[in-house]
Amino acid sequence: MAELLTSQAKERLYSASKVVILTGAGISAESGIPTFRDKDGLWTKFSPEELASFDAFYKNTRMVSEFYQKRREIIEHTEPNPGHKALAEMEQLFDDFHIITQNIDGLHQKAGSNNVVEIHGNIMNNYCIDCKKTYTAAEFEKIYEENSEHIPRCECGGLIRPDVVWFGEQLPGDALEKAFHLSEAADVFFSIGTSAQVRPAADLPIRALQNGAYLIEINPTLTGLTNFTHLNIQEKGGEILPRLKKEIELNFRH
Ligand code: BV8
Ligand code: ZN
């Protein structure tokens, strides 16, 4: 079977100490979680503005709360796929290996990855928009089920929302700052399973490139980022990452 890495990519990877991975919904597709913009993606049924915005939540709390509760239920019964697992194992091959994820499903951590930066939040966490009291997924579900209208309210009366970043909302400052620092310092930057359309996440690979990183994209379709990459592997993450990890391991161990 032909090698995945070009000689230039091998050279850059073997001399790399800082490796950064940006992932999007595509890395979780083979775990059964629908992506956003593929043909059967989440946003094909509803537009993001209708659901993933504070306005939508405030105006239509029941619909948005049901949308997230349904996704939580899917995610709670979802396992990491070989792509997540290969990335968790690759952490051991480099001195400094971090994953920046746009995903809110927690599957990288479930697969055993330690250095994960969640820049769009995590769907299992919830908080009251008034007093900011936090609620676990289990606590939320109890309140949600007990309310016949599925309008989740805090003890203080405020609405409880998922701790994810909606459109028009700022990303968590510390996570975003860390993501930019990691990207600027990266020797090799992988963009995996993202259409690279959502900002500021989509700025991260460009920032890495501007600071001299070698840019590799793993995605079954071309994206707005593809033209900027040094190496583009048009494959699914779950299929190719275990192969890639083996290839790296065979050729060198840090
Ligand atoms: C902000 C979290 C500003 C919740 C999400 C114009 C108009 C309006 C707004 C904007 C605009 N221009 C820019 C903006 C800002 C906006 C934005 O970028 N819009 C885009 C769409 C144009 N960004 C924001 O609003 C951000 N906030 O900018 O704040 C601000 C500044 C100061 C003060 C106040 C405010 C917030 C962005 C975060 C939004 N939250 N979701 C939830 O999940 O419900 S967005 C959503 O998109 C997810 O987070 C997701 O992670 C993210 C990116 O999508 P992808 O992960 O890339 O998924 P997608 O389906 O697109 O692609 C999947 C890819 O996988 C495909 O390429 C496919 O080929 C591939 N694939 C498929 N199968 C596989 C695979 N790959 C590998 N293996 C496979 N098996
Ligand atoms: Zn409250």
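Bear in mind that the values in this text are calculations on the coordinates, not laboratory data. Just so we're clear, the structure is a prediction, and the values are computed from it rather than from any experiment. Using ideal geometry, Cβ is built from the backbone for each residue, glycine included, and neighbour counts are taken over all protein chains shown.
Summary of computed values
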{"item": "Rounded if a/c under 1.5, otherwise prolate or oblate - the range 130-206, Cα gyration tensor axes", "result": "prolate"}
{"item": "Anisotropy class of the range 214-254 from Cα gyration tensor, a/c 1.5 cut", "result": "oblate"}
{"item": "Amide H contacts of residue 191 (H built 1.01 Å from N, under 5 Å, at least 5 apart or other chain)", "result": "22, 216, 217, 218"}
{"item": "Karplus (6.51, -1.76, 1.60) ³J(HN,Hα), θ = phi - 60°, over the range 93-109, in Hz, Gly and Pro reported as x", "result": "8, 10, 5, 9, 10, 10, 10, 9, 10, 8, 6, 10, 8, x, 6, 4, 5"}
{"item": "Among beta bridges that DSSP assigns inside the chain, antiparallel share in %, nearest 5", "result": "25"}
{"item": "Alpha-carbon gyration tensor eigenvalues x 5, square-rooted, for the range 1-137, Å", "result": "33, 17, 13"}
{"item": "Spacing of the two label points (7 Å from each Cα toward its C-beta) at residue 149 and residue 2, in nm", "result": "6.0"}
{"item": "For the chain, average projected area of the Cα convex hull in nm²", "result": "13.5"}
{"item": "Charge context of residue 81, other residues only, Cβ under 10 angstrom, K/R +1, D/E -1", "result": "-1"}
{"item": "Environment charge of residue 60, counting only residues whose C-beta is closer than 11 Å and scoring Lys/Arg +1, Asp/Glu -1", "result": "-1"}
{"item": "Semi-axis lengths (Å, descending) of the ellipsoid that matches the C-alpha gyration tensor of the range 3-51", "result": "35, 12, 9"}
{"item": "Loop trypsin sites (Lys or Arg not before Pro), the range 1-64 (other Cβ atoms within 10 Å of the site Cβ: 10 or fewer; DSSP)", "result": "39"}
{"item": "Listed pairs 85/178; 45/132; 178/236; 10/245; 132/178 exceeding 19 Å between Cα atoms", "result": "85/178; 45/132; 178/236; 132/178"}
{"item": "In the range 79-132, trypsin sites (Lys or Arg not before Pro) in a DSSP loop with at most 16 other beta-carbon atoms within 10 Å", "result": "132"}
{"item": "Span per principal axis, largest first, for the Cα atoms of the range 67-158 (Å)", "result": "50, 26, 16"}
{"item": "Calculated P(r) of the range 166-254 - Cα pairs past 18 Å, %", "result": "51"}
